[in-house]
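Remarks on the structure that follows.
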There are 2 protein chains.
Amino acid sequence: MPKSIKKEINRENLLNQGVTMLMGQGYHGTGLQEILDAVNIPKGSFYNYFGSKENFGAEVIQHYIDPFITQLAAHLQQSETDALSAIQLYFTELIAELEKNQFKGGCLLGNLMGEIGDTSEVCQKSLQSAVNRYRKLLQSGLAKAQQQGTVRLDKSAEDMADLLLNSWQGALLRMKIEKSSAPVKQCCNQLLGEFFRA
Amino acid sequence: MPKSIKKEINRENLLNQGVTMLMGQGYHGTGLQEILDAVNIPKGSFYNYFGSKENFGAEVIQHYIDPFITQLAAHLQQSETDALSAIQLYFTELIAELEKNQFKGGCLLGNLMGEIGDTSEVCQKSLQSAVNRYRKLLQSGLAKAQQQGTVRLDKSAEDMADLLLNSWQGALLRMKIEKSSAPVKQCCNQLLGEFFRA
DNA sequence: TGTATAAATACGACCGGTCGTTTTTAAATT
DNA sequence: AATTTAAAAACGACCGGTCGTATTTATACA
């Protein structure tokens with residue numbers, strides 16, 4: 001196998017494992033060796049690939065959010081369902097996934113914003129970018145729903161997207177300590193089911 | 001100075017310093033020695049007082065939330081102002097404090113829920129208790145505002161308290177990475193200024 | 001009340017182990 | 001043969017926690 005291919009595979013494996021472990025144990029709670037052992041990659045290679053744990057963290061953040069954006073965008077492009085239903089379905093799927101994980105982990109972005117969002121400049125930048133990409137997509141979905149007449153027009157799509165994401169993050173935190181999906185379900189019902197409706 | 005007094009002073013100093021440092025650097029990001037050096041207390045004494053870092057963390061959580069509860073309760077008991085105004089004033093003061101700290105730290109409860117809320121059972125219990133004490137107080141304030149006719153009656157005080165706290169936590173996270181009070185101000189305006197109003 | 005004894009607490013050096021990073025050596029590619 | 005990349009080994013700082021001992025406080029006996 002060519003070396004350049006193996007390098008990409010190694011990087012990918014490290015990022016995947018990084019997502020899992022940073023989400024489960026946090027940034028400072030996860031040692032590099034733990035990650036390296038899990039995917040059987042030498043520490044020297046890691047530093048060839050990423051340079052530092054902090055840079056690695058910043059890449060993990062982007063690697064984490066990509067699939068969520070892809071999935072939400074896919075739902076929004078389904079032409080047979082309206083945008084509000086698409087968003088609701090998307091969050092329903094998220095909740096199912098959280099239940100599958102027995103409410104452990106939650107959201108990597110939320111966890112890292114709280115833990116290192118104000119101490120690591122590199123990760124802070126990455127978090128800004130990740131959150132904003134997600135935010136803008138959700139905002140566009142809500143705007144579409146407004147055009148379709150399912151969502152109220154007297155609030156801006158941006159404000160509603162912000163409120164939804166903020167509440168979602170807070171609900172995820174409470175989910176973690178209560179070991180229950182009640183907070184996240186309540187959050188979706190309150191906003192998508194009532195407050196945002198036209 | 002009697003030993004039992006010194007012990008209480010030491011404990012208090014450790015808890016105060018613990019609040020500051022755990023909020024600023026996180027649980028795993030803060031070493032015991034750092035805390036001990038800051039207040040000049042030997043490590044042996046620490047272990048006499050608290051038994052473990054984890055138990056210490058659980059106590060720090062309660063020590064952190066107490067003043068917030070006291071302050072909010074005090075505002076709510078001011079008989080000359082209505083409950084909704086009291087809550088709004090309280091949050092305005094919180095925002096002023098966050099700005100004073102240049103948006104660093106945020107909320108210890110939120111940060112620790114994300115970092116160790118699902119990995120440390122002892123701290124999880126403490127977080128549950130702290131959040132619930134706070135939640136119930138805010139709920140009672142909103143119920144009072146409902147009776148006074150300033151807050152809508154078609155949503156339960158409990159649901160609104162949950163929504164407010166969730167959004168607040170999420171807004172604090174975004175405040176940290178954006179280094180701006182805009183998210184928390186927006187959060188308060190949206191809910192206390194619009195959505196909750198009768 | 002003064003004194004010996006017991007119990008509790010204070011203390012800081014020290015434990016094995018892990019941290020993230022750097023340096024050095026080996027291997028592969030050009 | 002020259003250059004780049006992989007991987008192993010080494011690095012000192014630091015981690016949470018424990019240890020035996022020293023000091024203080026409480027109890028019992030005289």
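Please compute the Kirkwood hydrodynamic radius over the protein assembly as shown, one decimal place, Å, based on all pairs of different Cα atoms. Kindly include the intermediate steps, with their values, before the conclusion.
On the way: mean 1/r = 0.0449 Å⁻¹.
That comes to 22.3 Å for the protein assembly as shown.
Name the residue, out of B:119, B:20, B:92, whose mean-square fluctuation peaks in a Gaussian network model built on chain B with Cα pairs under 10 Å.
Of B:119, B:20, B:92, the Gaussian network model singles out B:119 as fluctuating most.
What does the copy distance list look like for residue A:51, label position 7 Å along Cα→Cβ, in nm and ordered from shortest?
From this label point to the equivalent ones elsewhere in the assembly: 4.6 nm.
Go ahead and run the numbers for FRET between residue B:153 and residue A:80, Cβ-Cβ distance against an R0 of 51 Å, rounding to 0.05.
Working: r = 39 Å, r/R0 = 0.76.
So, using R0 = 51 Å, E works out to roughly 0.85.
Using a label position 7 Å from Cα in the Cα→Cβ direction, what is the ascending list of nm distances from residue A:136 to the same site in the other copies?
Result, one decimal in nm: 4.6.
Taking the label point as lying 7 angstrom from Cα along the Cα-to-Cβ axis, what are the distances from residue A:194 to the corresponding position in the remaining copies, in ascending order and in nanometres?
1.7
Just going by the charge dipole of the range B:1-108, with Lys and Arg at +1 and Asp and Glu at -1 on Cβ, which of B:95, B:57, B:42 is farthest out on the positive end?
Looking along the dipole axis, the top candidate is B:42.
Under 5 Å between amide hydrogens, which residues at least 5 positions from residue A:151 or on another chain qualify, with H placed 1.01 Å from N in the peptide plane?
A:146, A:198
Mind scanning B:144/B:185; A:179/B:136; B:155/B:179 and naming the pairs with a C-alpha gap bigger than 26 Å?
Details: B:144/B:185 23 Å; A:179/B:136 19 Å; B:155/B:179 33 Å.
B:155/B:179, as the Cα separations exceed 26 Å there.
Given a 1.4 angstrom probe, I'd like the percentage of the accessible area of the range A:1-76 that is carbon and sulfur, rounded to a whole number.
Carbon and sulfur: 53 percent of the exposed surface of the range A:1-76.
In the full protein assembly as shown, how much of residue A:85 is accessible to a 1.4 Å probe, in Å² to the nearest 10?
Accessible area, nearest 10 Å²: 50 Å².
What 222 nm value per residue comes from the helices of chain B, counting each DSSP H run with n ≥ 4 as -39,500 (n - 2.57) and dividing by all residues, nearest 500 deg cm²/dmol? Working shown, then result.
Details: 9 runs with 147 residues, N = 198.
The per-residue figure over chain B is -24500 deg cm²/dmol.
Ranked from the most accessible area to the least, with a 1.4 Å probe and all protein chains present, what is the order of B:177, B:5, B:69?
Working: B:177 0, B:5 85, B:69 30 Å².
If we order B:177, B:5, B:69 from most to least accessible, we get B:5, B:69, B:177.
Can you name the helices of chain A, as whole DSSP H runs, whose Cα span along the helix axis is 15 Å or more and whose Kyte-Doolittle mean is not below 0.0? If you can, show how the numbers build up before the last one.
Values: long enough: A:3-25 (32 Å, -0.63); A:53-77 (36 Å, -0.10); A:83-100 (26 Å, 0.65); A:121-147 (39 Å, -0.66); A:157-178 (31 Å, 0.05).
Membrane-span-like by this criterion, though nothing is claimed about a membrane: A:83-100, A:157-178.
Mind checking the full-extension length gain between residue A:39 and residue A:121? Use 0.36 nm per residue of separation minus the Cα-Cα distance, one decimal, nm. Before the final figure, lay out each step's value.
Details: separation 82, 0.36 × 82 = 29.52 nm, distance 2.75 nm.
The residue A:39-residue A:121 span can extend by a further 26.8 nm.
Could you give me D for the range A:54-195, from Stokes-Einstein at 25 °C and 0.890 mPa s, where the hydrodynamic radius is the Kirkwood radius over C-alpha pairs? Units µm² s⁻¹, please. The partial results should precede the final answer.
Values: Rh = 15.7 Å.
Diffusion coefficient, whole number: 156 µm²/s.
What accessible area per residue comes out for the range A:1-158, rounded to a whole number of Å², with a 1.4 Å probe? Before the final figure, lay out the partial values.
Numbers: 7460 Å² over 158 residues.
Ligands and nucleic acids excluded, the result is 47 Å² per residue.
Mind giving me the FRET efficiency for residue B:194 and residue A:182? R0 is 30 Å, r the Cβ-Cβ distance, nearest 0.05 is fine. If you can, show how the numbers build up before the last one.
On the way: r = 26 Å, r/R0 = 0.85.
Taking R0 as 30 Å, the efficiency between residue B:194 and residue A:182 is 0.70.
The values are calculated or read from the model by the stated rules, or taken from the named source; none is laboratory data. As the structure is a prediction and not an experimental result, all values here were calculated from the model. Backbone-built Cβ (ideal geometry, glycine too); neighbour counts: all protein chains shown. Calculation scope for accessible area: heavy atoms of the full protein, side chains included, ligands and nucleic acids excluded. Shrake-Rupley method; radii C 1.70, N 1.55, O 1.52, S 1.80 Å.
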